[in-house]
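**Q** Can you read through this structure? Questions will come right after.
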Amino acid sequence: RAGAAKAVAAALPVLASCSGPQSTFTAAGSESESILHLFYVMLAGASVIWLFVIGLSLYAVRSTPARDSARIGVRLIVWGGCVFPTVVLALLLYWGLEKMPGYRRPADGPRIAVSGERFWWRVAYDVEGEPGIVKSLPTGGVESANEIWIPVGRRTEILLGSPDVIHSFWVPALAGKTDMIPGRVNRIVLEPLVAGVYNGVCAEFCGDAHAQMGLRVVAVPEAEYAAHVAAMAEPAAVVSGRGVDAFLGNGCAACHTVRGTPAAGSVGPDLTHVASRLTLGAGLLENNRENLTAFIRATDHVKPGVQMPAFGMLPDDDIAVIANWLGELR
Ligand code: CUA
């Protein structure tokens, strides 16, 4: 019994690690909750069947053949091998099909376009228009990156696309995953039931920095969501000064947009409100001045495989000025 207690004690940390902001076991969305429910029911059923089969196997090994064993065997095959699985699988199929319309319920919340880039997420709130015949994401809207705010209790439609390679959008605590495929637009609906910050990942190998392609989904009450999008729509907090000059003078604007300044590049993430985000480098680093500086100076070391070149050749002073300015863009 002491051995069993030890085994349980050893398993506890493993079980505890099943929960967290990036776990299907911490279901916080309507879809993930129903999937988790389905999983537990199937796990329980499978455990019963497993114990039954193991029990029968032990019985078969240990008992001597009875006179009527052939008759018992045929019964077992008919009932245990044909009737039982047919009934159980039919019930599970029915249950699964019955759940599906729930996943397809139309969205009643905002519509947000998310594009999988190498290796980050382009996010646009309040996009206009339907995906066109060329199957590209709708354009316009308020652009941000690597962080998606959505209202709690509403069904937010996320339109998913990619300009070049296949990525997959997965926020385990909220819903299943959906591929982002160049040339077409996929949709997923996120309906968070609990406010919180949920981690998402890219779930399709897309290149060197695939493993560092994370995102955050921030689920907040509806009023807070509206206020956030309104704040994101504003131009940058500081649009002139040494920081802006250094940013423009060193070519950062070739790839980045900072609304309110001449910087209007569209290759990399929009940095208009970069300081308000939770992370840097797509879910990789805590967002602070020190990490901003490290990211600019040695991008390739901080995030190997990243497309942005390192700017270590710049004088430390220039990097500090740029990082300080970006740190003010709340
Ligand atoms: Cu993007 Cu893997």
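The values are calculated or read from the model by the stated rules, or taken from the named source; none is laboratory data. Everything numeric here is computed off the predicted structure, so don't read it as measured data. We place every Cβ from the backbone using ideal geometry, glycine too, and count neighbours over all the protein chains shown.
**Q** Is the range 220-234 home to any residue that is at pLDDT 95 or above, among the aromatic types (Phe, Trp, Tyr) and closer than 25 Å to residue 22 by Cβ?
**A** yes
**Q** Which of the residues belonging to the range 173-206 are closer than 23 Å to residue 286 by Cα and within 13 Å of the ligand (Cβ to nearest atom)?
**A** Selection gives 200, 201, 202, 203.
**Q** Let me ask you something else. Within the range 159-168, is even one residue surrounded by fewer than 21 Cβ atoms within 10 Å (Cβ to Cβ), outside any strand (DSSP E or B), within 16 Å of the ligand (Cβ to nearest atom) and of a type in the set (A, V, I, L, M, F, W, C)?
**A** Yes - at least one qualifying residue is present in the range 159-168.
**Q** Looking at the range 120-158 only, could you name the residues that are within 14 Å of the ligand (Cβ to nearest atom) and either over 20 Å from the mean Cα position of the chain (by Cα) or not polar (S, T, N, Q) (or both)?
**A** Result: 120, 121, 122, 145.
**Q** Since residue 225 meets every condition but one in (1) surrounded by 15 or more Cβ atoms within 10 Å (Cβ to Cβ); (2) in the same structural domain as residue 310 (by TED's automatic domain parsing); (3) within 25 Å of residue 126 (Cβ to Cβ); (4) of a type in the set (Ser, Thr, Tyr), which condition does it not meet?
**A** (2)
**Q** Let me ask you something else. Output the number of residues of the range 208-217 satisfying the condition of being surrounded by fewer than 19 Cβ atoms within 10 Å (Cβ to Cβ) and under 17 Å from the mean Cα position of the chain (by Cα).
**A** Of the residues in that region, 2 qualify.
**Q** Given the criteria outside the structural domain of residue 217 (by TED's automatic domain parsing), surrounded by fewer than 14 Cβ atoms within 10 Å (Cβ to Cβ), modelled with pLDDT under 90 and over 30 Å from residue 201 (Cβ atoms), does residue 62 qualify?
**A** In short, yes.
**Q** Counting only residues that are small (Gly, Ala, Ser) and more than 22 Å from residue 231 (Cβ to Cβ), give me the helices (runs of 4 or more DSSP H) lying completely in the range 279-330 with at least 1 of them.
**A** Hits in the range 279-330: 289-297, 316-326.
**Q** Let me ask you something else. Answer yes or no as to whether residue 84 is within 16 Å of the ligand (Cβ to nearest atom) and not polar (S, T, N, Q).
**A** Criteria not met by residue 84.
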